[in-house]
Amino acid sequence: MAKYVTKYFYLNSFNRTDDQLLVGSIAINDFLHKEIVKEIEQSNNKFNEFDETDDESIKEEDDSFSLYKQYKETVSENQLKNLADIDPKVYEGNIIDEESRKFVTKQFPDCQAIDLSKDHLTNEDAFEKTKELLTNNDNIIIFQSVFITKNKKAITKPDAIVKRNGKVYIIETKGTTSTKFVHILDLFYQVNVIEDSMDIVLENYYLCIVKYELLPFGQVSFVLVDKCHDGKTPKSFDTYTKKDEYKILSLEAKCAKKAYAKEHLIWEDKDDGSNEVPSIKEMIQTTSGKSNFLSTICADIKQFWETIDRLHDLMQKPIPDVSKINYEPVQKYKMSYKDVDFWLLLRDYYYFSNNLDYLPFQFSGKLCKFEVACKIYNMIKGKNVPFQTVINLFETNKFTLANGKTWNKPTALKQYLFGISKSKNAPYFSEHAIEFIKSIRDKKVYFDFESLNLAIRVVDKYPPFMQTVNQVSVVIDRGKGLGYLEEIEPVVIDPVNGINKNDFKTIIDACLPSKNLEECKEYDYIVFNKNFETIRLREMAEYINEPEYNEKVKIINDNIVDIAESFIINKDNKYVVFKELKGFYSIKKVLPLVEKYANHIFKAAGCVNYKTGLDGIHNGTEAQNASTKRFFNKLSNEEWKINVKNLGKYCNNDVRAMIAIEHYLKSLIN
């Protein structure tokens, strides 16, 4: 039984139930995963293809440091070391931890730096040591200090506490290049605990984030900021600068502008017309334990000390059985600022469940807001209603949302409902979809990239968190059809010593069907979700910075065809409505349709089932983890050879899936 409320316990209390809080994320993740697999195994429906890494889980920046810190506070040193050997995110988090401490130390050269974690003290002894150091020193940095509230109910361990010339500052490290609202909540908790524990007032609050700049291979850098975004997803770079200007900037100039945008935030929608962003301190300034600013964004942020009392009382209860607690959908799973940690598993749990009450949650978020699905769930719960009844509720009801607005059916849902009403159980093709599919040329190149995405530079003189391509699979159709496809040997770059210009050239060249660039213009270049491939191609060309490769990338991007557009219902009216997809369109959800309804095409295209036909690598996350482990030298040469083979088979199956899906769509039109 835990003794104190921790920061993570407090933060998690906003988006999960009390029982889920007590059980914890690791146990819940394991339970939900097993339940989903069980549901699929008991189902006779081949369409039930379990894909944990669907479209919604794709992230540009993955805060490996946050994951590392949660483990660091909850497991032993040996367990943490073992996790770092298994999970490359934890390993990277450890590097970010060490490098950020070096950075903070350099920012305060007149302060002595002390790391309390090295003393292996109890929490209580570490708190006493923290008080002693802060009382007896005017210039000191304490890493992993400990603060315990006077009522002995809450504890916090800030990344760094700095006392300089008698004034005290908190620094909290985040392994991202942008700030988010949840970071403010993090500091809100810590500031309250720290100021109560020692009757001190912190001078200022800082976030130490990854600096967006060009750095040599293997390095990472940081910057201190005292401002923060007020939403779940920070504004993109394009909100700060004109897109046309962004496209023509050199890599160096673009990086500098993007760094400025991330560190000097802009609020263009303030009522008074100004764009001045308040500091984090101004945002979380409290009155009697309550922050007025935070409360305007999240109504669940109540009086701090009342919340601590409630959570501490909750912790005294026995931990319930993970299989007995309630997983019924509630709005707090998807808060405006943060989804519950196990949201993607919960979504699949509802998706594959035989419980008809969960039907509203089997639609993608593009068709139905989670808040609306919760309302429909409460209307049908326990009534065992069929699919069509849920559809009728979509059609006939107007729902008032928590923000007071009325939910209007999005265009995508209207088109989906129209499609299934027109075609009954058959797929519905819009007129533009038929034109789009028929317009695909006979000559085509199918290709797919895999990448690494790290704060630590994989490429020399490169920004952080660039999706760095290290793999491509290619199949060429020279106009002769399915029986005459040419498969190019998969390119898998070994990242252990970094990725360079020649590697990028090899990847781009592999995508072209001929050395004659005029001949290359006669081909379509088929992908699934073109944004990823087109942006990566442009980034590689910018880095190479040679006219020849600018031209090669221009040819590919000018002739690119995105098969996924056929399934994105609100995309330029090119959509095909498959009732079973319910608005989802990842390749791993679409391919089972071909396997189920046109198995001869599935086989002719050379596809295998993602779950049963592949070895070692079954999805994009596993592919990225394998290459990341190799980058960190966590795979031997022999282990890497095995992974190269498995990576090639996986990526090639994505390409073969595109071929199968295209030919299946054409067969339906014919």
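If the condition is being surrounded by 23 or more Cβ atoms within 10 Å (Cβ to Cβ) and without any contact (Cβ under 8 Å) to a residue 40 or more places away in the chain, then region 162-184 contributes only Ile170.
Collect the residues in region 392-443 that are open to solvent by 90 Å² or more (accessible area, probe 1.4 Å), charged (D, E, K, R) and in a loop (DSSP other than H, G, I, E, B), keeping them in residue-number order. Those that are open to solvent by 90 Å² or more (accessible area, probe 1.4 Å), charged (D, E, K, R) and in a loop (DSSP other than H, G, I, E, B): Lys398, Lys405, Lys424, Asp442.
Please enumerate the residues belonging to region 93-107 that are without any contact (Cβ under 8 Å) to a residue 40 or more places away in the chain and surrounded by 15 or more Cβ atoms within 10 Å (Cβ to Cβ).
So in region 93-107, the residues without any contact (Cβ under 8 Å) to a residue 40 or more places away in the chain come out as 94, 98, 102, 105-106.
If the condition is that a residue be without any contact (Cβ under 8 Å) to a residue 40 or more places away in the chain and surrounded by 15 or more Cβ atoms within 10 Å (Cβ to Cβ), then Asn94, Thr105 are the ones that fit.
If only one of Tyr462, Tyr523 is within 25 Å of the chain's Cα centre (by Cα), among the hydroxyl-bearing types (Ser, Thr, Tyr) and surrounded by 20 or more Cβ atoms within 10 Å (Cβ to Cβ), which one is it? Before you say what the answer is, go through the steps one by one.
Values: Tyr523 fails: within 25 Å of the chain's Cα centre (by Cα).
From the options Tyr462, Tyr523, the qualifying one is Tyr462.
Within region 1-27, the set of residues being more than 18 Å from Lys338 (Cα to Cα) and open to solvent by less than 30 Å² (accessible area, probe 1.4 Å) comprises Tyr4, Val5, Leu22, Val23. The sole residue among Leu214, Leu133 that is surrounded by fewer than 20 Cβ atoms within 10 Å (Cβ to Cβ) and in contact with a Pro (Cβ under 7 Å, 6 or more places away or on another chain) is Leu214. Note on region 603-613: among residues that are open to solvent by 10 Å² or more (accessible area, probe 1.4 Å) and either in contact (Cβ under 8 Å) with a residue 12 or more places away in the chain or touching a strand residue (DSSP E or B) at 6+ places or on another chain (Cβ under 7 Å) (or both), the one that is nearest to His663 (Cα to Cα) is Ala604. Being open to solvent by 60 Å² or more (accessible area, probe 1.4 Å) and assigned to a helix (DSSP H, G or I) is a description that does not apply to Lys324. Comparison of Asp115, Asp85, Asp110, Asp125 shows that the only residue that is in contact (Cβ under 8 Å) with a residue 60 or more places away in the chain and surrounded by fewer than 18 Cβ atoms within 10 Å (Cβ to Cβ) is Asp85. For region 465-503, a tally of residues being in contact with a helix residue (DSSP H, G or I) (Cβ under 6 Å, 6 or more places away or on another chain), farther than 23 Å from Asp524 by Cβ, in a strand (DSSP E or B) and open to solvent by less than 10 Å² (accessible area, probe 1.4 Å) returns 1. When region 159-186 is filtered for residues that are within 24 Å of Glu124 (Cβ to Cβ) and within 25 Å of the chain's Cα centre (by Cα), the ones remaining, listed by number, are Asp159, Ile171, Glu172, Asp186.
Of the residues Thr534, Thr506, only one is among the hydroxyl-bearing types (Ser, Thr, Tyr), on the phi < 0 side of the Ramachandran plot, assigned to a helix (DSSP H, G or I) and in contact with a helix residue (DSSP H, G or I) (Cβ under 7 Å, 6 or more places away or on another chain); which? Break it down into steps so the answer makes sense when it comes.
Values: Thr506 fails: in contact with a helix residue (DSSP H, G or I) (Cβ under 7 Å, 6 or more places away or on another chain).
After ruling out the rest, the residue left standing is Thr534.
Are any residues in region 583-633 among the basic types (Lys, Arg) and modelled with pLDDT under 95, and if so, which ones? The answer is Lys588, Lys589, Lys596, Lys611.
The values are calculated or read from the model by the stated rules, or taken from the named source; none is laboratory data. Fair warning: this is a prediction, and the values are worked out from it, not measured in the lab. Counting neighbours? That spans all protein chains shown, and the Cβs are built from the backbone with ideal geometry, glycine included. What goes into the accessible areas is simple: the full protein's heavy atoms, side chains included, and nothing from ligands, DNA or RNA. Shrake-Rupley method; radii C 1.70, N 1.55, O 1.52, S 1.80 Å.
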